[in-house]
Every structure is written in structure tokens, then in C-alpha cells.
Amino acid sequence: MYITTSRDFSKIVPVIIFDRISFPNFQLNNRAENVEIKELNIPVVRYTNYQISNIYNPKERFSFCNKEWNGSVVYIKIKKLKIRI
């Protein structure tokens with residue numbers, strides 16, 4: 001199930017974490033919004049935070065936090081956001 005194109009959110013957990021992974025050549029999704037990038041110098045670490053909404057229901061939004069080290073994404077946290085009406 002791909003969270004940004006799903007039509008059924010009843011089985012999506014509120015938080016997904018991928019830790020100790022190696023995902024080289026990360027490319028930020030062109031639909032990403034509210035992008036924030038923080039870089040630390042020692043060691044060279046970059047955090048990228050952004051949000052993406054579902055294409056069928058834009059009120060369903062997800063927050064992503066990626067940690068990059070040595071040119072590869074090594075940690076990803078995805079949270080389902082609660083939108084207040």
C-alpha cells in the first residue's frame with residue numbers, strides 16, 4: 001500500500017519507522033511541502049523534514065523525517081498527521 005495514493009486509510013498505522021537502512025541517492029518527492037533541511041557538520045549528517053498529502057484526499061497528510069549520513073538515507077520516520085477541521 002502506498003500512503004500517498006491509497007483510498008483506504010483504515011489499515012494505515014499512525015507511525016512507520018525504518019532504521020539502520022541504506023538508501024542511496026535519495027530524491028525529494030516533487031509533491032513535498034513544508035520542506036526543512038538541517039545539516040550538521042560533525043559527522044556530516046542531514047535531516048530532511050517534509051509533508052506529502054494524499055492525491056485522492058488532500059486532508060490526509062503524512063510527515064516524513066529522513067536522516068542522511070555519508071550520502072545515504074539511514075533512517076526514515078513517517079507519521080500520519082491529524083488534520084483539525
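Read-outs: derived from the displayed coordinates by stated rules, not from any lab. Since this is a predicted model, take the numbers as computed values, not measurements. Cβ coordinates were reconstructed from backbone atoms using ideal geometry, including for glycine residues, and neighbour counts include every protein chain displayed.
Name the shape class, rounded, prolate or oblate, that the alpha-carbon gyration tensor gives for the chain, where a ≥ b ≥ c are the square roots of its eigenvalues, rounded holds for a/c under 1.5, and otherwise prolate holds if a/b is larger than b/c and oblate otherwise. Cα axes put the chain in the prolate bin.
Residue exposure proxy: THR4, THR48, ordered by other Cβ atoms within 10 angstrom of their Cβ from fewest to most, comes out as THR4, THR48. Ranking of TYR47, TYR75, TYR2 by neighbouring Cβ atoms within 10 Å, starting from the fewest: TYR2, TYR47, TYR75. Charge tally around LYS67: other residues with Cβ under 12 Å, Lys/Arg +1 each, Asp/Glu -1 each, net +1.
For the chain, the relative contact order is 33 percent, taking Cα pairs closer than 8 Å that sit 6 or more residues apart in sequence and dividing their mean separation by the residue count. The Cβ shell under 14 Å around GLU33 holds other residues with a net charge of +1, Lys and Arg each +1, Asp and Glu each -1.
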